[in-house]
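Here the structure is laid out as structure tokens; the discussion comes afterwards.
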Amino acid sequence: MKQPFAKTTCPYCGVGCGVVAPRGAARGARISGDISHPVNAGRLCSKGSLLGETTGLEGRLLHPMKKGARVGWDEALDEIAAKFTDIVDAHGPDAVAFYVSGQLLTEDYYVANKLMKGFIGSGNIDTNSRLCMSSAVAAHKRAFGEDVVPGCYEDFEEADLIVLVGSNTAWCHPILYQRLLAAKTKRNARLVVIDPRRTATCDDADLHLPIAPGTDLALFNALFCELAARGVTDPDYVANHTEGLDEALSAAREGHGSISAAAEACGLDARDMETFIRWFAETERTVTAFSQGVNQSKTGVDQVNAIVNCHLLTGRIGRPGMGPFSITGQPNAMGGREVGGLANQLAAHLDFSEEGCATLSRFWQTDRVATSPGLKAVDLFDAVATGRVKALWIMATNPVVSLPNAEFVRRALRTCDFVVLSDCIANTDTAACADILLPAAAWGEKDGTVTNSERRISRQRAFMAPPGEAKPDWWIVGEVARRMGFADTFPYRGPADIFREHARLSGFENDGARCFDISALAHLSDAEYEALAPVQWPVDTRGGTSRLFGNGLFPTPSGRARFVASVPPVPAKRHGAFPLVLNSGRLRDQWHTMARTGLSPTLASNAPEPAAEIHEADARAAGIEDGGFMRIVTAYGSGIFRTSVTAAQQRGSLFVPIHWSSATSAMSGAGRMVHPETDPVSGQPAFKHTPARAEPVMPHWRAFFLSRHEITSPSCGYWVVRRLEGGWLYELAGLTTADAPPDIDTLVQLPDAEVERVEMRDTARGVLRQARVRDGCLADCLMLTRTGELPSRDWLVGLLALEALDENVRGALLTGHPVEGEGGEGRIVCACMGIRSGAILAAIADGECDVASIGACTGAGTNCGSCRSEIRGLIERTRTEEAA
Ligand code: SF4
């Protein structure tokens, strides 16, 4: 009998926290942390805590659609199978492709990969994990012979030195960060953060190295050389378990002179660099964890190998509290790697070698296994644009927003003969380019497994029925496979069948050659699969494995780990037209293109608009004002953003969030500006380093529109929308004289007979305040100004909750000033506990003077802790204002 609660796994980041959700409850029911899950022991970050707010049906794709019209499943599946078959017959298997996602469950991934690589016969299946950690995958294979993360999360708790490189762990992997912080305090461990930006993670660091963008390789090669020069090596380990040290060291030495020269190359203070080297040298238990800041670079693979080199040289790998550690971004990036979701891998960690292809052929009983790697993401969309790829099936991802040179991707899809999208959301940028849309079951509606950053396989369990005609991805792909003539080899009744096959393949002709082996799980019954507890691969009859390589044996032909030689590239000269470097990344409370987190009013409140960060000197030089607007221009496109002038950003660099799309903004998508340059080995795009310039934008008017009705894209140069409790808030600005200021009736038409109007129009000052009241409640309001300030959004948003507007409030709508004592409580600072800035400022005014006491008094910052840096900022700002 099924329990009233389902234990499942958070669908966001690669930490892989366990959650508990009520079965059969109404959508929107509260979801909590699973205290029995070894990753999070019941804790969740803001995104996980607010999962319940994102499980509604708003925006869901409920039925198969063809060119905008509803069709039946049979018609859609028949057409997909026929089109793919016809194109393969006419042009060969490489004329079709799948582009999939780290959001898929392992079982979905397995079936998609099997169809493409095993039966269509092409390597052309790639995944959005290419954008996230493919450089780490390539580096693992070069160093270890296989894509293996050697360590586990306990290592962060058992280390005496934790080095975080290119990772804003406090925001992007909050629960892992809280684990390491708790242990840091207990063990008195040191934390070093290497990041060009001063992120929230730096607040807890003992040392922040604000490295110049793109110089990580120089830094770690310098560390490697200095460790060798100072004799901080493990000669026995190097002699018995590694190869290639001399070549790697001599390559590293080519670019390394003195510490001061290396520090200068990295834009660092030489004393800080010496401190880092000294701490690394003297600390046996050192974990070096890295994320997108390392991976998303043209030298991403070399950078990861440079980190690994330092750990191999010192023998610090495979033992408690030490090792290189790749923190993955997506919930199932690792699961995708297990089944060959990347175009250059086969399933079960098999390579495209003659032997690997033959093994897979025997297992799948097919003579059509692809014999060479397929196209990696950026190349794949180039091939779509040139017509080499004529049919593309995209699953659970939004490449028109997330890929670099995103407008090129949009155009490529529009020229493609046949585009299929399976997704749970109806109106994404990519959906607008698809011929057929297939409604996929969403998180909470489907069953399967995911694997987190520490190789831990956890179950995702359904606790809601799929709405409309939505189906799980494995079912959709299997149905197309059957219709393409492969019915015998896609006989799955459910995800348990697929998991058993996946597990069997991992042990097939393995004999210990591949670390990825979960064949001990190949005989799980359906009930055992349903009850499967989180377990780390490899799995044998005794259970899972926390750490690998502790015995010094590696899955290379020689059994030794490999040092990899690399020379830092000559730094590129800044281009005159693009003197800045554009970096991009995540915000604390949002996920990817906000298709889900954007549904949560609480999550949307903390960063309501996309703000581009710029250093004060660069802003001043360009005439850009804090809080105003700026245009960022690159060789590939441009975007408009609010400006945040901040000392967190170093001179010469810009930062923009990745979350906004055409569905939520006019021109604030990051991907449209990012260059399509990639690492030559991994094919991972260099999202962190696009040459750019910034220009001020002086709007002719600014406005916001608060409404209970969602509207289609407003017609002005700048708009951004965010979800509220009971409505939407649109920020609007006219950027050219062609952008006519809106009137409330042009935004939404409401029957005159049903509404009462409140309006103040001051043409001379360029002020317009309009509101409509229906049934005594605020229906909507438009606040517009040409030169002045706009009223408080928080106050007006609060009016949506009122059941009746009295005369005072109506008068306040005209003046734009709240009734005394009703100024709103500010924006959300602590999303987990729902604490707004007003409550925190009140606590500061009452004398609370540090983060802990504010937490004790308000609750803010007491759950996942990722808002603590913001609370600290409010305290500091208040102190500065008081002192002025
Ligand atoms: Fe989800 Fe947050 Fe845990 Fe990541 S850290 S898995 S987003 S709850």
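Here is a list: Leu796, Leu814. Which entry is in a helix (DSSP H, G or I) and farther than 23 Å from Gly826 by Cβ?
Testing whether each residue is in a helix (DSSP H, G or I) and farther than 23 Å from Gly826 by Cβ leaves just Leu814.
Note down all Cβ pairs under 6 Å where the first residue falls in segment 580-605 and is open to solvent by 20 Å² or more (accessible area, probe 1.4 Å) and within 13 Å of the ligand (Cβ to nearest atom), the second is modelled with pLDDT under 90 and in a loop (DSSP other than H, G, I, E, B), and they're at least six residues apart or on different chains.
Leu587/Ala607
Starting from residues that are open to solvent by 20 Å² or more (accessible area, probe 1.4 Å) and of a type in the set (A, V, I, L, M), keep the ones in segment 722-747 and report whichever is nearest to Arg631 (Cα to Cα).
Applying the filter and picking the extreme gives Leu735.
Would segment 636-646 turn up any residue that is assigned to a loop (DSSP other than H, G, I, E, B), at negative phi, out of contact with any Asp or Glu (no Cβ under 6 Å at 6 or more places or on another chain) and open to solvent by 40 Å² or more (accessible area, probe 1.4 Å)?
yes
State yes or no: is Arg271 out of contact with any strand residue (DSSP E or B) (no Cβ under 9 Å at 6 or more places or on another chain) and either assigned to a loop (DSSP other than H, G, I, E, B) or touching a residue at least 24 places away in the same chain (Cβ under 8 Å) (or both)?
no
For segment 647-659, give me each residue that is of a type outside the set (A, V, I, L, M) and open to solvent by less than 30 Å² (accessible area, probe 1.4 Å).
Selection gives Gln649, Gly652, Ser653, Phe655, Pro657, His659.
Please name all residue pairs, on different chains or six or more residues apart, with Cβ atoms under 6 Å, provided the first residue is in segment 14-42 and is near the ligand (Cβ under 10 Å from one of its atoms) and the second residue is open to solvent by 40 Å² or more (accessible area, probe 1.4 Å).
Gly33/Arg43
Val71 - would you say it is within 7 Å of the ligand (Cβ to nearest atom) and of a type in the set (A, V, I, L, M)?
No; evaluated as a whole, the condition is false for this residue.
Is there a residue being part of a helix (DSSP H, G or I) and more than 26 Å from Phe516 (Cβ to Cβ) anywhere in segment 441-452?
Checking segment 441-452: not a single residue is part of a helix (DSSP H, G or I) and more than 26 Å from Phe516 (Cβ to Cβ).
Would you check if Arg493 is basic (Lys, Arg), within 30 Å of Val20 (Cα to Cα), open to solvent by 20 Å² or more (accessible area, probe 1.4 Å) and in contact (Cβ under 8 Å) with a residue 24 or more places away in the chain?
The answer is no for Arg493.
I'd like to check something: does segment 156-164 contain any residue that is open to solvent by 40 Å² or more (accessible area, probe 1.4 Å), touching a Leu at 6+ places or on another chain (Cβ under 6 Å) and at negative phi?
no
Could you tell me which numbered condition Lys573 fails, if it satisfies all but one of (1) away from the ligand (no atom under 16 Å from the Cβ); (2) within 17 Å of the chain's Cα centre (by Cα)?
Tallying (1) away from the ligand (no atom under 16 Å from the Cβ); (2) within 17 Å of the chain's Cα centre (by Cα), Lys573 fails exactly one: (2).
Listed residues Ala95, Ala82; which is closer than 30 Å to Leu346 by Cα and open to solvent by 10 Å² or more (accessible area, probe 1.4 Å)?
Residue meeting the stated conditions: Ala82.
Examine segment 682-697 for a residue that is open to solvent by 50 Å² or more (accessible area, probe 1.4 Å), in contact with a strand residue (DSSP E or B) (Cβ under 9 Å, 6 or more places away or on another chain), over 23 Å from Asn606 (Cβ atoms) and among the hydroxyl-bearing types (Ser, Thr, Tyr), and state whether such a residue exists.
No.
Take the residues in segment 1-13 that are over 19 Å from Arg588 (Cα atoms) and open to solvent by less than 30 Å² (accessible area, probe 1.4 Å), then tell me which one is farthest from the ligand (Cβ to nearest atom).
Ala6
Does Ala90 satisfy the criteria of being more than 11 Å from the ligand (Cβ to nearest atom), more than 30 Å from Gln536 (Cα to Cα) and surrounded by 24 or more Cβ atoms within 10 Å (Cβ to Cβ)?
no
For segment 558-577, which residues satisfy the criterion of being modelled with pLDDT under 95 and not β-branched (Val, Ile, Thr)?
Ala565, Ser566, Pro568, Pro569, Pro571, Ala572, Lys573, Arg574, His575, Gly576, Ala577
Can you name the strands (runs of 3 or more DSSP E) wholly within segment 102-207 that have at least 2 residues being more than 16 Å from the ligand (Cβ to nearest atom) and in contact with a Pro (Cβ under 7 Å, 6 or more places away or on another chain)?
Once the strands (runs of 3 or more DSSP E) in segment 102-207 are filtered for at least 2 residues that are more than 16 Å from the ligand (Cβ to nearest atom) and in contact with a Pro (Cβ under 7 Å, 6 or more places away or on another chain), nothing remains.
Say we look at segment 448-490 and pick out the residues that are more than 16 Å from the ligand (Cβ to nearest atom) and of a type in the set (Lys, Arg); which of these is surrounded by the fewest Cβ atoms within 10 Å (Cβ to Cβ)?
Arg482
Could you count how many residues in segment 330-359 are within 14 Å of Ser134 (Cβ to Cβ) and either within 16 Å of the ligand (Cβ to nearest atom) or open to solvent by less than 10 Å² (accessible area, probe 1.4 Å) (or both)?
10
Given the conditions (1) β-branched (Val, Ile, Thr); (2) assigned to a helix (DSSP H, G or I); (3) open to solvent by less than 10 Å² (accessible area, probe 1.4 Å), and given that Val19 satisfies all but one, which numbered condition is not satisfied?
The number of the failed condition is (2).
Residue by residue through segment 845-866, note down the ones that are open to solvent by less than 20 Å² (accessible area, probe 1.4 Å) and either of a type in the set (A, V, I, L, M, F, W, C) or within 16 Å of the ligand (Cβ to nearest atom) (or both).
Passing the criteria: Ile854, Ala860, Gly861, Cys864, Gly865, Ser866.
Scanning segment 496-545 for residues that are hydroxyl-bearing (Ser, Thr, Tyr) and loosely packed, with under 15 Cβ neighbours inside 10 Å, which turns out farthest from Asp351 (Cα to Cα)?
Ser525
Can you pull out the residues in segment 280-291 that are open to solvent by less than 30 Å² (accessible area, probe 1.4 Å) and outside any loop (DSSP other than H, G, I, E, B)?
Phe280, Ala281, Thr286, Val287, Thr288, Ala289, Phe290
Across segment 496-517, what is the number of residues that are within 15 Å of Gly448 (Cα to Cα) and in contact (Cβ under 8 Å) with a residue 24 or more places away in the chain?
6
Right, Glu53: closer than 20 Å to Ala442 by Cα, within 16 Å of the ligand (Cβ to nearest atom), open to solvent by 20 Å² or more (accessible area, probe 1.4 Å) and not in a strand (DSSP E or B) or not?
yes
The values are calculated or read from the model by the stated rules, or taken from the named source; none is laboratory data. All figures in this text were calculated on a predicted structure; none of them were measured in a lab. Heads up, the Cβs are rebuilt from the backbone with ideal geometry, glycines too, and the neighbour counts pull from every protein chain shown. Areas reflect the complete protein model, heavy atoms only, side chains present, ligands, DNA and RNA absent. Shrake-Rupley method; radii C 1.70, N 1.55, O 1.52, S 1.80 Å.
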